[in-house]
Structure formats: C-alpha cells, structure tokens
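Have a look at the structure below before the remarks.
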Amino acid sequence: MSSSNPRKVSRREFLKLTATTAGAMAYLTACGGTGGGGAAGPDLTSGKAIPLDDLIAAAKKEGELTTIAIPRDWANYGEAIDRFTELYGLKYNGLNPDAGSADELEAIRATKDTGGPQAPDTVDVGIGYGPGAKEEGLCSKYFLSTWDSIPLKDAEGYWFGEYYGVLTFETIKGAATAPSDWEDLLKPEYKGKVAMAGDVLKSNESVMTVMAAGISRAGGIDDTVESATAAAQKGLEFWKEMYDSGNFIPVIADIGRIAAGETPVTIQWDYLSLGNRDSLAGNPELEITVPKTGNIGGPYIGFVSAYAPHPYAGRLWYEFLMSDEGQLIWLKGYAYPIRYNDMSARGVIPAELAAKLPPAEDVAKATFLTLDQQAAIKTYITENWRKVVYGE
C-alpha cells in the first residue's frame, strides 16, 4: 500500500492482522521463567490452563496479588479490582499506579533476584513491549482457558492482548476550541494548552501520540518498518514545533490537572478521555474528538511475570480479566476488550454497552501498527525524543 494514502484498518481487520502477525513472532527466544515463589500447587512449567477450582485454591494459599501501573480510573480497572477481591478474598497490592510500560518491566528486573513487596505478579503494557519482554525472559508461559478466543497473542503463550482503543483530543470546553486534527494544535490559540497523558520515555500512550502526529504529516504509512520509522521522525519534528512554539506543556496530564484546568487539551486513549468525561460530570465539561487524520489504535497486552511472588494469583487475575465478566468490565470503561468479536458473536454484550462506544466511522479510520513496526518506532522515538524535541 502506498505511503501516500492513509492505511485504514477496521478493528475487526486489525484483530485478524495481529493474530497472523503474532504467530509469526514465534521465532523469538522463549522466556524460561514460570513464576517465582508462591505456595506449592498445580504445575506451572507446561503453561497449560489450570482448572479454575485448583487455581483458586492455590491462589488463596498465596493470599495476595501484586499488580503495577493500574490506576482505578484506567479502563474501569477500579471495578475489576473490587470484583476480583470480592470473588476470591485475596489481598490486593497495587504498585505505582501512574507508572508507564517501561517502569513495569524495570520493576520486574529490579526485583527478580530479591522478590519482596515491590515485585509485581502481573503487568499491563503497550503491545510494543511484548516481544522484547518475552525475549528477555520476563514473562511466564500460560495458555488461559479463553486462549482460543483471543485473536491477539504470542503463539507460544507468553503474552496476550487485553483491550484496545484509539487516541482522542480531550478538550475543556471554554478553555480551548476542540481541535479537529493534529496541525490545529500548532495554532497560536493553543499556546500553553496542549499536554500528553504520560512521559514519552516511559509511556506507550505517549509514544503513540508522537507517532499519530507523524502518520498525519506523512499522509499515512504502509506495512513496512521503513515507512513507520519515517513517520516517527515526522512525529518528533511535529512535537519539536509544538515545544518551540510554547503550545506543548511538558507535564503529565492526569485527571487532577484536567479537573483543575491546567491542561486545556489532553491527548489520551478514548477509554480514558470518555471515562474522564463521565467522572468529572461537567466540572469541567469535556469535549472528546477523534483526529481526522493520524488516527492511531493501540492495544495493551498482559502477562504474568516470570518472577512473580504469587504466580497462581497472577494467573487467577488474568483468568478473571479475560473471562466474559472481566471483558465486559473493560467495555463499561469504554475500552474494547480483545475478545469483543467472540463475545459479540455469542450475544453476550449488552446493547447499552455497545451503544456507548465511539462512533464506528471514526474508529474505522484508525491505523494499527504491526508488531515489527511497534518495536521499531518505540525504540526510535524514545531514543530520539529529547535530542530532537528539546535539542539535548
């Protein structure tokens, strides 16, 4: 496909594409770990799904679950946490809820020899971090009981898609005019008003924010790494212009800053911006728009750490999240669950939930990167961000 034309991939087409691509990743070196300590229980070495009753019993012997980088207001995780603890009675430890994907992997590295209360059992990271984590040996093999209905996954069982969304502009009404596309953000009226929702060096969401602007400037990309890298460079150049003009505020726009009016325009995944709109309930009032061009989609993936102190609890957590019940909790938070197509075909998605999703015609314009492109642009953007944008 020519790079002069935007590559339009529907969510359904994306899931078919990524399932094929994930299978092609099987050549990567397999992770050797199966999970750290924990109570004696069912076999962890084969990666086979553990019967739920046996898994619950083993997790209850461990007594607790430790996650990382899961804010309660991210994709309705708060409800998921409450329901999980209600069902299984485990103590829940949530480490560093505002951490980025890179921080999550670093937490595994930092604690893999020592364990302790700062060692996460599970992670929730951008898809670009999956292949590298597998190659480094940070993830455990585990074929969930719902494995066959998960279209985006590592063929050897080391990671799996959880949910996905598209980037949006989240604008405080009265503080700024809602932009319709990326180039609008360079107008003088946005001076000191535009922020990202994370640190580009650590956050997959912010890496994708740079990439989306680049895809817009490039007029689209094809399926090659070279095309994606060229767009990533254009994205860095865009954000340099944003920084030089003073339009870009180099702070992390969380819901507190948005509520205080400090970041009039924030760029976030749709499930976060729509969730903020609901939770703030008009104080301030938010307008959510999808960029006309450079609209990018981003899946998040999960896995149990190869060094998990509570490997059974980690597996139980994901059995819950990847069940119909857990997937619907994400959907209530405006995140498309990765098993959406399977659940839709079986008629288990309530119509009122489906009706709250972003307009299908807007989402249909989204570009979804291949795994090779994800890996390449994550490295390219993080390595060049400060040099290009800040001149360091």
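Here is how the numbers come out for the structure above:
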| quantity | calculated |
| --- | --- |
| Among residues of the range 109-127, those that are surrounded by fewer than 24 Cβ atoms within 10 Å (Cβ to Cβ) and assigned to a helix (DSSP H, G or I), counted | 3 |
| Flag for E226 being without any contact (Cβ under 8 Å) to a residue 60 or more places away in the chain, in a helix (DSSP H, G or I) and over 17 Å from Y380 (Cβ atoms) | no |
| Helices (runs of 4 or more DSSP H) wholly inside the range 294-373 containing at least 3 residues that are of a type in the set (D, E, K, R) | 324-332 |
| Scope the range 54-101; condition at positive phi and buried (at least 21 other Cβ atoms within 10 Å of the Cβ); matching residues | A69, A75 |
| The range 343-353, residues that are in contact with a helix residue (DSSP H, G or I) (Cβ under 9 Å, 6 or more places away or on another chain) and either open to solvent by less than 40 Å² (accessible area, probe 1.4 Å) or at pLDDT 90 or above (or both) | M343, R346, V348, I349, P350, L353 |
| Every residue from the range 137-179 that is assigned to a loop (DSSP other than H, G, I, E, B), surrounded by fewer than 24 Cβ atoms within 10 Å (Cβ to Cβ) and small (G, A, S) | G137, S145, A155, G157, G174, A175, A178 |
| Members of the range 221-248 that are within 22 Å of V290 (Cβ to Cβ), more than 22 Å from the chain's Cα centre (by Cα) and either open to solvent by less than 10 Å² (accessible area, probe 1.4 Å) or among the aliphatic types (A, V, I, L, M) (or both) | F238, M242, N247 |
| Output for the range 73-104, where each listed residue is under 14 Å from the mean Cα position of the chain (by Cα) and not in a loop (DSSP other than H, G, I, E, B) | Y77, S101, A102, D103, E104 |
| Flag if E262 is more than 26 Å from D124 (Cα to Cα), assigned to a helix (DSSP H, G or I) and among the charged types (D, E, K, R) | no |
| Search result, residues across the range 354-372 that are open to solvent by less than 50 Å² (accessible area, probe 1.4 Å) and at pLDDT below 85 | A354, L357, P358, D362, V363, A364, A366 |
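The values are calculated or read from the model by the stated rules, or taken from the named source; none is laboratory data. Remember, predicted model here, so these are calculated numbers, not experimental data. A quick note on method: Cβ atoms are made from the backbone with ideal geometry, for glycine too, and the neighbour counts reach across all protein chains shown. For accessibility, only protein heavy atoms count, side chains too; no ligands or nucleic acids. Shrake-Rupley method; radii C 1.70, N 1.55, O 1.52, S 1.80 Å.
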